[in-house]
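Notes follow the structure.
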Amino acid sequence: MLGYALRALALKPVQRWSPERIAALQHRRLQALVRYAIAHSPHYRDRFHAVNPDRFRLTDLPPISKTELMADFDRTVTDRSIRRADLERFVDNPANEGRWFLGRYAVSHTSGSQGQPLLMVSDRRHLELLFALQQTRGYTGKVTPLTALQKLIDPARLAVVTLKKGFYPSASAFEYMPPGPRRFMKVLRLSQTDPDVVEQLNRFRPTALTAYASVLDMLALEVEAGRLQLAPELQQVVNNSECLSDAARQRISRAFGLHVLNNYATGECPFLTNGCPTDEGAHVNADWAILEVVDDQNNPVPPGQPGRKVLITNLANRVQPIIRYEVGDIVTMATEPCRCGSRLPRVLKIEGRAADTFYIKDGDSYRQLINSVFKNAFDYTREVREWQAIQVERNKVVIKLELLPGHTLNHDHAWWSLERQLRMYDFYGKLDLSLEVVPRLTSDQPSGKFRRMVSLVGPPGSPDSHRASAKLRHDPPHSTPHPILSPHLAGKQIPES
């Protein structure tokens, strides 16, 4: 316990270091990881055969995809006793949730929202780092030896609302929570599907609350209705795993009277960032992770501009090295410093997955319609709590709207806001759109995450278009049509295949 506390306390001052000092530490840890991977992983030994582990640049290391990692899984991990087949049997048995694989490894898998899930293994030190970063850099109060002692006597109370138990990262981390962090916090884990979530939260009186953005938004409504009463004990609210819209952030902050910390992480690197305690976005834990915002050709994208994907390097996991791992997230880095004083790089916006786009037929080519078009439109439609766009045919989109309690949709204003964005992005005149007001929008199964963009058609050349027609025949959407709306969005044209 003492060792954990000392390691955790040592993390806090690093965020005030100069960028040059942090970069030097980052590169030393990257060199150590690359040396270890070459020595213990046959896959990385082959992959980095032309790399001098003592003298290289980050860009000398070729990026790697989930498909490549899973295809050569047994040769990628550095412990030769770990086998993919054994891991798959392990996670297939729900009784193994929280059990250590081979007696020493925590196990999780990514959601599979971008295709095949990736199996992940990590050791206790890796998990300790995750919780230590959250308890220091992810904590809005002071972090000193005295406050650590106070938390030992009167532990923090953390309420975690996820979908359910399972091997997905946001749940498995708490299943494998090491003894060190457990001494400094009590954890109440709830499922958003529990009928008595509000009652349990009221009894527990959490000092910290973490959940998906969609769940926090629903809980904010419970606060405004007077059913959920967590003040004054509640000290911080944290969003995990879902994109947080500006409108939802404002509603949640207003209801709880607190700034919403917006963490951005992946199952491959769960401690990638911690939410900024004063401003929008999240600070990259650059001493333990590397986040590269790049274009489709892996060229760096400057701060202030959204990339097409990110490359992530986890500097702490030596059991399963994650080095320049491709994730299709659209991320924008901040150009201005924040008010909290951290000198760590700051992610300004996370706009979801590049895969969460619609490819719209435009003459003889296809163009990408990203979620910002809909997001910006419904940010101006104040009665809308949440939205979901479903591409049911190549150029036909059904938009489902969940309204705030007690509100009715102003159809004229909703269409005006949508048309304004479509014209602004030059996407007007090419879509068959309809609006449908629904009682409630629900999360995706089995990940538990809410998806705002759902394509039943797929990218150009996809064989999935027949699924949309089949679904429509089985479950035709009830919608409120509008006379004519058509669209067109700025972006690179894709030759027809």
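The values are calculated or read from the model by the stated rules, or taken from the named source; none is laboratory data. A quick note: this is a predicted structure, and the numbers were derived from the prediction, not measured. With ideal geometry, Cβ positions are generated from the backbone for all residues, glycine too; neighbour counts draw on all protein chains shown.
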Among residues of region 205-244, those that are under 17 Å from Thr278 (Cα atoms) and among the small types (Gly, Ala, Ser), counted: 1
Region 271-293, residues that are under 19 Å from Gly307 (Cβ atoms) and part of a strand (DSSP E or B): Thr273, Ala282, His283, Val284, Ala289, Ile290, Leu291, Glu292, Val293
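Residues are listed down the side, and each one gets a yes or a no for (1) at pLDDT below 95; (2) in contact with a Lys or Arg (Cβ under 6 Å, 6 or more places away or on another chain); (3) outside any helix (DSSP H, G or I); (4) of a type in the set (Lys, Arg):
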site	(1), (2), (3), (4)
Leu146	yes, no, no, no
Lys151	yes, no, no, yes
Ala159	no, no, yes, no
Lys164	yes, no, yes, yes
Ser170	yes, no, no, no
Ala173	yes, no, no, no
Met177	yes, no, yes, no
Gly180	yes, no, no, no
Checking Glu199 against (1) assigned to a helix (DSSP H, G or I); (2) crowded, with 17+ Cβ neighbours inside 10 Å, the condition it does not meet: (2)
Selection within region 310-364 - at positive phi and free of Cβ contacts under 8 Å to residues at least 60 places away in the same chain: Gly363
Sole exception among (1) out of contact with any Leu (no Cβ under 7 Å at 6 or more places or on another chain); (2) surrounded by 21 or more Cβ atoms within 10 Å (Cβ to Cβ); (3) of a type in the set (Gly, Ala, Ser) for Ala286, by number: (1)
Wholly within region 346-401, strands (runs of 3 or more DSSP E) carrying at least 3 residues that are within 25 Å of the chain's Cα centre (by Cα): 346-353, 384-393
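Which of the following residues is surrounded by 15 or more Cβ atoms within 10 Å (Cβ to Cβ) and out of contact with any helix residue (DSSP H, G or I) (no Cβ under 6 Å at 6 or more places or on another chain): Thr78, Thr110, Thr67? Working first, answer last.
Numbers: Thr78 fails: out of contact with any helix residue (DSSP H, G or I) (no Cβ under 6 Å at 6 or more places or on another chain); Thr67 fails: surrounded by 15 or more Cβ atoms within 10 Å (Cβ to Cβ).
Exactly one of Thr78, Thr110, Thr67 is surrounded by 15 or more Cβ atoms within 10 Å (Cβ to Cβ) and out of contact with any helix residue (DSSP H, G or I) (no Cβ under 6 Å at 6 or more places or on another chain), namely Thr110.
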Residue check, Pro42 of a type outside the set (S, T, N, Q), at pLDDT 95 or above and over 20 Å from Glu292 (Cβ atoms): yes
Hits in region 3-16 (condition: of a type outside the set (Ser, Thr, Tyr) and either outside the structural domain of Val284 (by TED's automatic domain parsing) or touching a helix residue (DSSP H, G or I) at 6+ places or on another chain (Cβ under 8 Å) (or both)): Gly3, Ala5, Arg7, Ala8, Leu9, Leu11, Lys12, Val14
Selection count where residues are of a type in the set (Gly, Ala, Ser) and within 30 Å of Arg83 (Cβ to Cβ), scope region 320-342: 1
